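Read the figures in this text as sums done on the coordinates, not as results from a lab. Keep in mind it's a predicted model, so treat the numbers as computed, not measured. Cβ sites come from the backbone with ideal geometry, for glycine too, and all protein chains shown count toward neighbours.
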Amino acid sequence: MMERREFLKKCILVVASASVPISALTLIDPKKVLAANPDIQWAFLVDTNKCVGCGFCVKACKVENDIPLEANVSRTWVERYVYTKDDKRYVDSPKAALNGYIDSRIDLGRGEFKEIDPKNVGKAFFVPKLCNHCSSPACTQVCPVGATYKTDDGVILVDQTWCIGCGYCIMACPYAARFFHPVKHVVDKCTFCYHRLSKGLDSACVNACPFGARKMGNIHDPDDPITKIIMNERVGVLKDEFGTKPQAFYIGLAQEVR
Amino acid sequence: MKSHVWRPLYVVIAFVVALLVFRFFYVPDDFGSGKRGFMYSYHRKSNEMEWKNQPAKYGTSGRERMHEFCSACHGAVVKVRTEKLHGIIPCEDCHGPVMNHPDKPEKLAIDRSRELCLRCHTDLPYTTSERHRIPGINPKTHNTGVECVKCHNPHNPSLEGMK
């Protein structure tokens, strides 16, 4: 006859030993594990200090991905921020900066333009934007039919044959990175040029930038030069407070850039 | 047992069964969740390959590799043209996407428009931006209506080398 105390002791021992898997008792070399399952997580790095607003990235993106050039939608765009010395702030992005910034006037929309006295310009800069390919994306959660999803290597795609065009994801995205494709009549968005990545090429916008303001890398590879910059330098993300964990990192962000 | 509840319930059950049968045939077999679970990656698996298999248009990747790529046929020309200031601009930005060019070497659609140059060379009074380092002109007063390449050499843009 087993004593009650003895019985409980043995029970605890059995439960405790059963809950430790054998794999936990072997030493794991992270590098070997990584080599066996190459773990890719694509991340984007924008250096806003280098951008001059030429818009070659937007043109290359639209040509590469068959987005109608004249339609007022784009997978990537460049914003211009102008702060005046009397503390007014202006932002514009005419035609998503497809043709660059060839006018010093600010496009206020509805055909109105604002000329700013050059002596009154305090600081001004350009910020390229695109889908942030968030780690906890809002857009994939709201899709009612399972047409948009995050791949295992961290890219958010839209299944355009399955999309019903309801537009929930367009509303859910805090970054306005999604739009309704005027020809296909389904949702379209930046794919990090998934077809180019899988062929070993850079995305069209990275490829087109003459100044190196746009870069892309594997954030799970500690030796990747882009990962090193993200780990070691002062980078920021857009709208951190939304909790979507964006994977597009920005060097030289200003508070007004959202 | 006779009850007024049963008849509408049969209708509901029939509707649910019909829906499940329709779903069984309509939803593709490879629908499922990736390693990120139902919330982030419930999708049709074959769609990933469909995206991967899209054809690329811009061929080369990175400035050095691009110069290498173009050098295969246009070696000497590329070498001269990438030494000067504009060597940082990828060939494809002005000469157009290259992907089908080696197989079908008809002339690429070269963009020689004034607007192309103005993307960088419009004078904007932004002293804090990198844009300020690039020489700029006022497009409304600087030789309006004339293409820039009539006077300037885009491959050797220094003003001494003007045509």
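Listed values, structure above:
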{"read-out": "Sites B:GLU68 and B:VAL21, calculated FRET efficiency, Cβ-Cβ separation with R0 56 Å, nearest 0.05", "value": "0.45"}
{"read-out": "Distant-in-sequence amide H partners of A:VAL155 (H built 1.01 Å from N, under 5 Å)", "value": "none"}
{"read-out": "Relative exposure of A:VAL78, A:VAL155, B:VAL16, judged by other C-beta atoms within 10 Å (fewest first)", "value": "B:VAL16, A:VAL155, A:VAL78"}
{"read-out": "Calculated from backbone phi, Karplus (6.51, -1.76, 1.60) coupling profile of the range A:244-255 in Hz, x at Gly/Pro", "value": "8, 6, x, 10, 10, 10, 10, 9, x, 6, 9, 4"}
{"read-out": "Amide H within-cut-off set for B:SER129, under 5 Å, with H built and near neighbours excluded", "value": "A:ALA124"}
{"read-out": "Estimated distance in nm for a label pair at A:PHE180 and B:CYS151, the labels positioned 7 Å out from Cα along Cα-to-Cβ", "value": "4.8"}
{"read-out": "Peptide A:52-59 - average C-beta neighbours from other chains (10 Å radius)", "value": "5"}
{"read-out": "Prolate/oblate/rounded call for the range B:92-163, Cα gyration tensor, a/c under 1.5 rounded", "value": "prolate"}
{"read-out": "Förster-model FRET efficiency, 51 Å R0, A:LYS85 and B:VAL77, C-beta, rounded to 0.05", "value": "0.60"}
{"read-out": "Projected label distance in nm at B:ASP103 and A:SER17, using a 7 Å step from Cα toward the beta-carbon", "value": "6.5"}
{"read-out": "Unit charges at the beta carbon, dipole of the range A:168-234: most positive-side option, A:HIS220, A:PRO182, A:CYS205", "value": "A:PRO182"}
{"read-out": "Neighbouring partner chain Cβ atoms per residue of B:33-43, average, 10 Å criterion", "value": "6"}
{"read-out": "Qualifying GluC sites (Glu not before Pro) for the range B:71-141 [loop in DSSP, other Cβ within 10 Å: at most 12]", "value": "B:GLU83, B:GLU106"}
{"read-out": "Relative contact order of the range B:60-152, pairs being alpha-carbon contacts under 8 Å that are 6 or more residues apart, as %", "value": "18"}
{"read-out": "In range of the label at A:ILE229: residues from the range A:86-126 whose backbone nitrogen is under 19 Å from the point 7 Å along Cα→Cβ", "value": "A:125-126"}
{"read-out": "Chain B, relative contact order [Cα under 8 Å, separation at least 6], %", "value": "15"}
{"read-out": "Cα-centre dipole for chain A with unit charges at Cβ (Lys and Arg positive, Asp and Glu negative), debye to 20", "value": "260"}
{"read-out": "Net charge dipole size for chain B [Lys, Arg +1 and Asp, Glu -1 on Cβ; Debye, nearest 20]", "value": "540"}
{"read-out": "Kyte-Doolittle mean at least 0.0 and Cα axial length at least 24 Å: DSSP H helices in chain B", "value": "B:6-26"}
{"read-out": "Average beta-carbon neighbours from other chains, 10 Å sphere, peptide A:193-200", "value": "5"}
{"read-out": "Calculated [θ] (222 nm, deg cm²/dmol) that DSSP helices of n ≥ 4 give over the protein assembly as shown, each run adding -39,500 (n - 2.57)", "value": "-8000 deg cm²/dmol"}
{"read-out": "Peptides A:126-132, A:211-217 ordered by average Cβ neighbours within 10 Å, highest first", "value": "A:126-132, A:211-217"}
{"read-out": "For chain A: relative contact order, % (alpha-carbon pairs under 8 angstrom, 6 or more apart)", "value": "25"}
{"read-out": "The range A:157-255, dipole about Cα centre (Lys/Arg Cβ +1, Asp/Glu Cβ -1), debye to the nearest 20", "value": "220"}
{"read-out": "Label-point gap, in nm, between B:VAL12 and B:MET39 - each point 7 angstrom along Cα→Cβ", "value": "3.0"}
{"read-out": "Protection-proxy order for peptides A:111-121, B:66-76, each taking the mean of Cβ atoms within 10 Å per residue, highest first", "value": "B:66-76, A:111-121"}
{"read-out": "Least to most buried among B:PHE15, A:PHE180 (fewest other Cβ within 10 Å first)", "value": "B:PHE15, A:PHE180"}
{"read-out": "Under 5 Å, built H, 5+ apart or other chain: amide partners of B:ASN153", "value": "B:LYS163"}
